[in-house]
Every structure is written in structure tokens, then in C-alpha cells.
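One structure is given here, and the rest of the page talks about it.
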Amino acid sequence: MTVVYLELDADGDLLLILGRGRDSILEDMSDNEEVNPELAMSAYEKAVEQEAGAMMDDTMFSEDDFIEDFLADEVKLAKRVQETHMLVSSKHLMTASPVFMAMFRKGHFTEGSQLESGKAEVTLDENPPAAFKILMDILHTNTRKVPRTVDLDTLTDLALLVDKYQLLESVEPFADRWLSGLIGRVSDDDKGDIWQFHRCLCISWVFRLSRRNALKEFANYVAIESKCEVNTSTEYDLPTPGPLLDHIEGCRQRVISTVLSHLDDLVQIYLYKKPRRKIICRGRYARDVTKRRKACDHMMCGSLIASLVENGLWPLPTAPFEGLSIQSVLKTATSTQLSAGCDIWKDSPDAWDHGYTTSHRNHGRTKELNRKLARLIEKVDKLGVLDVADFDVSSSRARRSR
């Protein structure tokens, strides 16, 4: 079995054994015709950070071993790392984490008893090696090895580990930079993927004390941009509190429902149901008044429904509004096209002068709808989805997890 060996503390008394990671492969290295030590060292660092690497035998290897084998036969790098071994100081871990303190304290668990003899081995199969290595560098004050930026996958792993082992205080100095631009990391293509929102909410929740605004900002962002139910369950056991997810989803559905309600009110008016009137148009004509007024109403109703159909909002969607976001619904509603017969006939010879101006276009319905939507958009822009004080700020998953 292939093993990567990392020495965080030369005098360490604790060997942590981490299982297989994501099985990523260094595919870009198998085609190199010429290899140099610098490339080999880069490969080694990448292997550790991405939880992948290569060796042809079953022995553990250090950086020098890795480079030597890399130079000998880089094709063997296509193999995957099976285990990562980290030699660390139990004192550093116990000082930083109450979870590790409970795990390694004398008389509590088997690991504590093993440490009394001077050395101990602990298997942490569920911990992703790349993110765990970053945390170990932080706890062992190897700050130069701590990356200034991390990708979204690694940041998710870091958040889960920080919550699992209650390491926020130790990680805080690095969290602000890691979380910078979190919102920008969710692309338009990801807005229908609930996992993208779940993990970003998890990240902002875990680091809420170091960046209190990050949680509120991202909660607002999710409520406005998410095209799926935020509080749906996932296969991942994340520490984000259920009440927080329910709160965000409730906000999302309320705003979408309000927008659709405004559109429905307008449709019902021209279906002669709200209010119950046979004719809505009040255009004044020298002849065929009733006929022209009805035709104007029918044109208004038809153009409205046609516009909604074109934008996927007719029949009007119902909760939980899957595939719709506040942002998309507001954009569609504000671009709704209405056409009134009176707009066409107002210049005809038999149209009486009834004070028709451009402000009366579509009998003022477009203006009225946009006024309602503008008030709603203003509220959305100032949306306070979440106040951190509304939720328990203590760790929601402080437990010994192996």
C-alpha cells in the first residue's frame, strides 16, 4: 500500500493516519518527457495537497524518496495515494482543540493511555488529508506553509474540520483571506445546484465569529439567487443549523410569492374576476364603445399571459418554486410586456379626447406594476435575512468524531 509520510514535528509523539482521499490523479505528469528536481518537488507538494501521489512499492517515503522515485519513473505517478501519515505533537493539538484534549487526555480513551508510553497511533479515516495538513501546519506554527488562498473544495473541508475539532480560534487569522470573495465563487451554472449553496452556507456559518458579516451577506445572497429549496436535505452531514436554512428558504419563498401575487392580481383583473366587472377599459369613442373596450381588455389580458408564458411564469408556479430565484422572478416581472387597444386607437378619428397621455400607456397598469415591484426590490436590496444573534453561536457539532 502506498503511503505519504509528513513530519510536522520531528519530536512528535503522535502519528496520525489518514485514509484515502478523493483519488485524484496527477495525470498532467505522466506525459512529461524530461523531468527535473524542481518539477518533482512541485509534484510532491501537489500530491500531498490534492491527496494524490505515486510510488511503485509499499514503503513509506519522505520528500527525498518521492523525488528520487519521480526522477526514476514519472509514469508511476499515475498511482493513487492510499494513506497519509502525519507525525505531530499531541500537545499542540490538545492546546488548540477541546476535542483533541478529550481524546488524548490520560484515562479518557485508548489514545490517551497509549500516549503515556511516549508514542501513539491514531487513525482518522474521515479527515481529508489536504485540508487536515493545512490545519496541522497552523497548529504547529508552520505559517509559511499555510496557503493564502484555497479553492472551494478545500475551504469546505477546512470548515468541516474546524467545526469538528473546534479550531476556530486557531484558524481565525487565516479565515478572513480564505473567505474573501466567497460569493463570487458560485457561478451562474451552480445556482440550481443545492450542494453549492449548502457548502457555502456551511463555510460562512463555521467562520461566522471571525467574519460576522460573511454569514449575513451569504444568507442574503442565497435567499436572492438560489433556484432551489435551500432547506432540502443532502447526503452530506453539514453543521449548518436547520433553523437557519428554514429561515432563508422561507424568505426566498415569501418574496417570490409576493411577486407572483402582483402578477396574478393583474391577470385576475382582466379575467374579470378581481374586481368583478364586465369591462375594465374606460376608453371613450364615438362609436362601438363596448366592442372596443372589450377588445382593449382582451388585448391587455392576452399580451400579459403571452409574456408570462414566454418567460415560464404561466401557469403561475407554486411553492416551493423549484427552478426560480428571487432575482430571476423580479427580472421577468419588471420586463412583462403589456399591450392595450387604446394605445393603438387613441389617434383614430373616432377616439374622443379623454386626456390620454403617455403616462396612461396600458391604462397605467405597467406603471402601477413597476411601482409595486420597485418597492419590493428596495426591500430585497436591504433584505436582512439573518441576524447572527438569532442563532446559537456555540459550535453545533462539538463531538468526538473519528
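Throughout, read-outs are computed from the coordinates displayed, never taken from laboratory work. The model shown is predicted, which means the values in this text are computed figures rather than measured ones. Glycine also receives a Cβ, built like all others from the backbone with ideal geometry; neighbour counts cover every protein chain displayed.
For THR84, THR334, which order do you get if you count the other beta carbons within 10 Å of each Cβ and list the fewest first?
Least to most surrounded, the residues fall as THR334, THR84.
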- prompt: How about the range 114-193: which trypsin sites (Lys or Arg not before Pro) there lie in a loop by DSSP and see at most 15 other Cβ atoms within 10 Å?
  reply: LYS119, ARG148
statement: note: the range 147-240, Cα-Cα separations exceeding 18 Å make up a percent value of 40
